Each structure stands twice: as structure tokens, then as C-alpha cells.
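Engineer: Structure below; questions to follow.
The values are calculated or read from the model by the stated rules, or taken from the named source; none is laboratory data. Treat the numbers as computed from the prediction; the structure is a model and nothing was measured. When we count neighbours, we look across all protein chains shown, and the Cβ atoms used for this are built from the backbone with ideal geometry, even at glycine.
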Amino acid sequence: MKSFFIGNIEIKTPVIQGGMGVGISLSGLASAVANEGGVGVISCAGLGLLYPKGKGSYPEKCISGLREEIHKARTKTEGIIGVNVMVALSNYADMVRTAIEEKIDVVFSGAGLPLDLPSYLTPESVTKLVPIVSSSRAAKVICDKWQKNYNYLPDAIVVEGPKAGGHLGFKKEQIQDQHYALEALIPEVVM
Ligand SMILES: Cc1cc2nc3c(=O)[nH]c(=O)nc-3n(C[C@H](O)[C@H](O)[C@H](O)COP(=O)(O)O)c2cc1C
């Protein structure tokens with residue numbers, strides 16, 4: 001299998017593991033995938049629920065939980081680790097900021113349009129930003145906004161069709177419709 005790049009990061013095994021909350025894709029799964037040369041992804045969804053004994057409020061537990069999962073993953077792998085932050089999360093900003101502060105390799109963000117994602121980067125940031133989309137229209141809106149407001153373009157784009165187990169808003173009848181198949185969506189997004 002051919003490797004590919006997210007920005008300047010080479011993914012030797014061309015697999016990006018989907019972020020899965022709540023508590024399904026944490027440091028264990030993410031580091032195992034990264035150790036095989038793919039991108040292992042920690043999901044931010046509901047992290048505070050998994051660290052109930054942590055100090056502070058629910059949002060504070062989510063922040064410390066994310067830091068802990070990233071640190072744990074780093075002890076288990078030197079491979080590529082990403083964090084999945086859904087735009088729909090009430091603590092989206094906290095999670096993106098924390099992942100970037102922890103110098104995570106990649107932030108993946110979908111379940112909404114991550115229109116302000118580059119605003120969380122600082123001059124010291126090393127993190128790559130990758131939106132998750134299910135249409136070329138969404139990809140274009142994101143690219144146009146990022147370019148105009150932040151002079152930044154996505155380091156890669158994840159495209160998910162109606163057969164993905166994600167948060168995509170397809171209708172039931174579109175699942176078998178060839179117009180919405182990945183084979184149709186990907187070339188549209190690339191153009
Ligand atoms: C149990 C489960 C939990 C998921 N949680 C998230 C999540 O927290 N954030 C997200 O963006 N996608 C989530 N997804 C979607 C996956 O990341 C992935 O994009 C989707 O399953 C498509 O990959 P597939 O075609 O291999 O199923 C979840 C999927 C599953 C099955």
C-alpha cells in the first residue's frame with residue numbers, strides 16, 4: 001500500500017482510524033493503530049465521563065482526561081496520533097485548544113462545519129487540521145472560509161459517504177444511491 005501525507009507527516013500505512021466516542025477510541029486503540037503505521041485517533045466525546053474522579057467541573061475533567069489520554073498514547077507509540085473533536089460538542093473549543101497545546105499531530109473535526117478551526121493555532125503549533133466532510137459543497141465552504149479568514153487550507157480532508165457509521169445527515173434512500181457513493185464524492189471534493 002502506498003503511503004500518503006497529511007501536511008509534512010507521512011502516513012506509512014494508509015489508514016486513518018475513525019474517532020469513536022464515548023470511550024471506544026482512546027489511547028489504547030489509537031496507539032495500536034499508530035504502531036502499525038496508521039493514524040490512531042482519540043475521540044474527545046464524553047471524556048469527562050470516563051474520568052469522573054478527576055478534579056473540577058465536567059469541562060475541566062474533559063480537559064484533564066484528554067491530556068491524560070494523549071500522554072498515555074505517547075508512552076505507547078512514537079507513531080502518528082490524532083484527536084477527533086466533533087463541532088457539535090459543547091466543549092469543542094476546550095478540546096481543540098488542549099489537543100493543540102499538547103502538540104497532537106492531527107485534529108480531525110466533523111459533525112458540523114469546523115469553520116473556525118485554524119483560529120486555535122498559535123505560532124508554536126505543529127498540529128495539522130483535517131475537516132471531515134460528506135460533500136464537495138461542505139469542503140468548499142470550509143476551504144473558502146479558512147482561506148479568507150486565516151489564510152490557511154486544510155492539511156487533508158476526510159470524506160465520508162452514506163455508508164460510514166458517522167454523523168453525516170444522509171437520508172436512508174441515499175445509502176444505495178450511486179450519486180452519493182464515495183467513488184462519486186471523492187473526485188468532486190478533490191476538484
Ligand atoms: C461507536 C462509534 C462511535 C463514533 N464516534 C465518533 C465520534 O466521536 N466522532 C466522530 O467524528 N465520528 C464518530 N464515529 C464515526 C467514525 O469515526 C467513522 O468516521 C465512521 O464509523 C466511518 O468509518 P467506517 O466507514 O469505517 O465505519 C463513530 C462511529 C462509531 C461506530
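Engineer: Which of the residues belonging to segment 139-160 are over 17 Å from N84 (Cβ atoms), buried (at least 20 other Cβ atoms within 10 Å of the Cβ) and touching a Leu at 6+ places or on another chain (Cβ under 7 Å)?
Structural biologist: W146 - this is the single residue of segment 139-160 that is over 17 Å from N84 (Cβ atoms), buried (at least 20 other Cβ atoms within 10 Å of the Cβ) and touching a Leu at 6+ places or on another chain (Cβ under 7 Å).
Engineer: When you scan segment 97-106, do you find a residue that is within 15 Å of the ligand (Cβ to nearest atom) and among the hydroxyl-bearing types (S, T, Y), even just one?
Structural biologist: No, that holds for no residue.
Engineer: Among (1) surrounded by fewer than 20 Cβ atoms within 10 Å (Cβ to Cβ); (2) under 30 Å from M1 (Cα atoms); (3) of a type in the set (V, I, T), which single condition is V83 missing?
Structural biologist: That leaves (1) as the condition not met.
Engineer: Going by the conditions given, is L182 of a type outside the set (K, R) and at pLDDT below 95?
Structural biologist: In short, yes.
Engineer: Identify all residues within segment 93-137 that are assigned to a helix (DSSP H, G or I), in contact with a Pro (Cβ under 8 Å, 6 or more places away or on another chain) and surrounded by 20 or more Cβ atoms within 10 Å (Cβ to Cβ); write none if there are none.
Structural biologist: If the condition is that a residue be assigned to a helix (DSSP H, G or I), in contact with a Pro (Cβ under 8 Å, 6 or more places away or on another chain) and surrounded by 20 or more Cβ atoms within 10 Å (Cβ to Cβ), then L117 is the only one that fits.
Engineer: Is it true that L153 is within 13 Å of the ligand (Cβ to nearest atom) and either aliphatic (A, V, I, L, M) or in contact (Cβ under 8 Å) with a residue 60 or more places away in the chain (or both)?
Structural biologist: Answer is no for this residue.
Engineer: Additional query: Would you tally the residues in segment 49-80 being surrounded by fewer than 17 Cβ atoms within 10 Å (Cβ to Cβ) and among the β-branched types (V, I, T)?
Structural biologist: 1
Engineer: Find all pairs meeting these conditions: Cβ atoms under 9 angstrom apart; at least six residues apart or on different chains; first residue within segment 117-134 and within 13 Å of I100 (Cα to Cα); second residue within 11 Å of the ligand (Cβ to nearest atom) and part of a loop (DSSP other than H, G, I, E, B).
Structural biologist: L117/V85; L117/V87; L129/P114
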